[in-house]
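> Here it is, the structure in full.
The values are calculated or read from the model by the stated rules, or taken from the named source; none is laboratory data. Every value quoted in this text rests on a predicted model; they were computed, and no experiment measured them. Cβ: placed from backbone, ideal geometry, glycine included. Neighbour counts: every protein chain shown. Surface areas here come from the heavy atoms of the whole protein model, side chains and all, with no ligands, DNA or RNA. Shrake-Rupley method; radii C 1.70, N 1.55, O 1.52, S 1.80 Å.
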Amino acid sequence: MTRGQIAAVLPDGNLITSIEFNGDMDLTERGKEVVEELKYIESEDEFKEFVERFNKEHFSYYEHPRIYDCEADYFNMQTDYFGKWFSDYVYVKNLSEKPVVFTDTQGRKIQIDEDTVAAFHFGEFIAAGEEDLERAEFIEQLKILKADLSYDMEKNYCDIWNACADFDNEHRDSYITDKITAYDFVTEDLLEYIVKENATDLSRLRCFIGNTYDADIYMLDGYGNLQNVEESDFENLIDDIVSDLQYDITVPLYEGACL
């Protein structure tokens with residue numbers, strides 16, 4: 001069960017947090033809902049109302065208070081994280097009128113600007129701001145796809161392509177499907193054309209086909225010859241896409257800040 005807490009920095013700079021919610025609190029599930037709701041929250045009252053509503057809709061925890069005041073050292077996640085936060089995920093909205101600084105478990109001083117939402121995973125900074133949080137959410141989605149790869153290579157390809165195409169369509173400056181194209185997969189609709197292009201003579205055709213076995217999808221090797229697709233090819237593709245997405249996520253470091 002993935003645990004999570006929802007926190008807010010108040011206008012006076014103090015930090016409050018919800019009770020720990022136990023279940024589906026990662027970025028691809030209820031955490032996605034939390035991030036979306038926090039974007040529009042502008043006051044302490046709105047924050048508390050959201051936490052109560054979220055609890056009622058998903059958990060119904062009523063034996064303990066749903067909101068707690070945090071000590072100042074909660075801004076430092078590097079020290080005694082499990083004694084303070086403990087949760088897998090912490091989602092924070094800065095309701096104050098100035099930037100605040102958290103120290104994550106990597107020792108980085110993370111500046112969260114006013115009216116900004118940020119997410120941490122076991123105290124390590126994930127992302128802040130709408131665009132980067134969407135990138136982080138998609139990274140988690142891709143990791144799930146990687147874990148669920150099957151022996152059906154065509155299905156693996158379609159699942160990855162469709163997920164990346166949806167992300168590209170929702171983000172004007174995103175071209176993740178270009179990364180898939182660069183891997184030179186040969187789908188069934190391209191196979192006849194590719195074979196004809198390489199059937200200049202029998203010798204070339206034999207070299208092109210090599211020892212491939214019948215399949216619904218192939219790819220071209222470094223020499224332009226046909227080869228069968230393996231699960232590891234999709235693992236490498238997902239790793240490459242995730243690496244690019246992580247590179248695009250800004251880590252808002254605040255040099256010289258002290259807690």
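> Given the conditions (1) within 28 Å of Leu145 (Cα to Cα); (2) without any contact (Cβ under 8 Å) to a residue 40 or more places away in the chain, which single one is not true for Leu226?
Failing condition for Leu226: (2).
> Now a separate question. Of the residues Tyr62, Tyr68, which single one is over 17 Å from Phe122 (Cα atoms), in a strand (DSSP E or B) and free of Cβ contacts under 8 Å to residues at least 60 places away in the same chain?
Working: Tyr62 fails: in a strand (DSSP E or B).
One residue alone meets the criteria, Tyr68.
> Right, here's the next one. Output the residues belonging to the range 105-115 that are surrounded by fewer than 21 Cβ atoms within 10 Å (Cβ to Cβ) and in contact with a strand residue (DSSP E or B) (Cβ under 8 Å, 6 or more places away or on another chain).
The answer is Thr105, Gln106, Arg108, Lys109, Gln111, Asp113, Glu114, Asp115.
So that you can scan it fast, the table gives a plain yes or no per residue for (1) in contact (Cβ under 8 Å) with a residue 12 or more places away in the chain; (2) outside any loop (DSSP other than H, G, I, E, B); (3) in contact with a helix residue (DSSP H, G or I) (Cβ under 9 Å, 6 or more places away or on another chain); (4) open to solvent by 70 Å² or more (accessible area, probe 1.4 Å):
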| residue | (1), (2), (3), (4) |
| --- | --- |
| Asp73 | yes, yes, yes, yes |
| Phe120 | yes, yes, no, no |
| Leu133 | yes, yes, yes, no |
| Phe138 | yes, yes, yes, no |
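> Kindly establish whether Ala119 is closer than 30 Å to Ser96 by Cβ and in contact with a strand residue (DSSP E or B) (Cβ under 7 Å, 6 or more places away or on another chain).
It is true that Ala119 is closer than 30 Å to Ser96 by Cβ and in contact with a strand residue (DSSP E or B) (Cβ under 7 Å, 6 or more places away or on another chain).
> Take Arg53 and tell me if it is open to solvent by less than 70 Å² (accessible area, probe 1.4 Å) and free of Cβ contacts under 8 Å to residues at least 60 places away in the same chain.
Taking the combined requirement at face value, the residue does not satisfy it.
> Only one of Ser203, Ser174 is out of contact with any His (no Cβ under 7 Å at 6 or more places or on another chain) and closer than 28 Å to Phe138 by Cα. Can you tell me which? So that I can check it myself, show each step before the final result.
Values: Ser203 fails: closer than 28 Å to Phe138 by Cα.
So the residue among Ser203, Ser174 that is out of contact with any His (no Cβ under 7 Å at 6 or more places or on another chain) and closer than 28 Å to Phe138 by Cα is Ser174.
> Which ones in the range 99-112 are in a loop (DSSP other than H, G, I, E, B) and within 21 Å of the chain's Cα centre (by Cα)?
Keep residues of the range 99-112 that are in a loop (DSSP other than H, G, I, E, B), which gives 99, 104-108.
Once the filter is applied, which keeps residues that are in a loop (DSSP other than H, G, I, E, B) and within 21 Å of the chain's Cα centre (by Cα), the range 99-112 yields Asp104, Thr105, Gln106, Arg108.
> Based on this model, can you work out whether Glu42 counts as in a helix (DSSP H, G or I) and at pLDDT 95 or above?
Answer is no for this residue.
> Same structure again: Within the range 75-99, count every residue that is touching a strand residue (DSSP E or B) at 6+ places or on another chain (Cβ under 9 Å) and open to solvent by 80 Å² or more (accessible area, probe 1.4 Å).
2
> Just one of Lys155, Lys143 is without any contact (Cβ under 8 Å) to a residue 12 or more places away in the chain and of a type in the set (Lys, Arg); which is it?
That would be Lys155, the only listed residue that is without any contact (Cβ under 8 Å) to a residue 12 or more places away in the chain and of a type in the set (Lys, Arg).
> May I ask you to say which residue of Leu38, Leu27, Leu15 is among the hydrophobic types (A, V, I, L, M, F, W, C), touching a residue at least 24 places away in the same chain (Cβ under 8 Å) and over 17 Å from Ala136 (Cβ atoms)?
Only one candidate passes the filter, namely Leu15.
> What number of residues within the range 56-71 are crowded, with 16+ Cβ neighbours inside 10 Å and either among the basic types (Lys, Arg) or under 21 Å from Leu133 (Cβ atoms) (or both)?
1
> Further question: Here are some residues: Phe102, Phe47. Which one is of a type in the set (Phe, Trp, Tyr), open to solvent by less than 30 Å² (accessible area, probe 1.4 Å) and under 19 Å from Tyr254 (Cα atoms)?
Phe102
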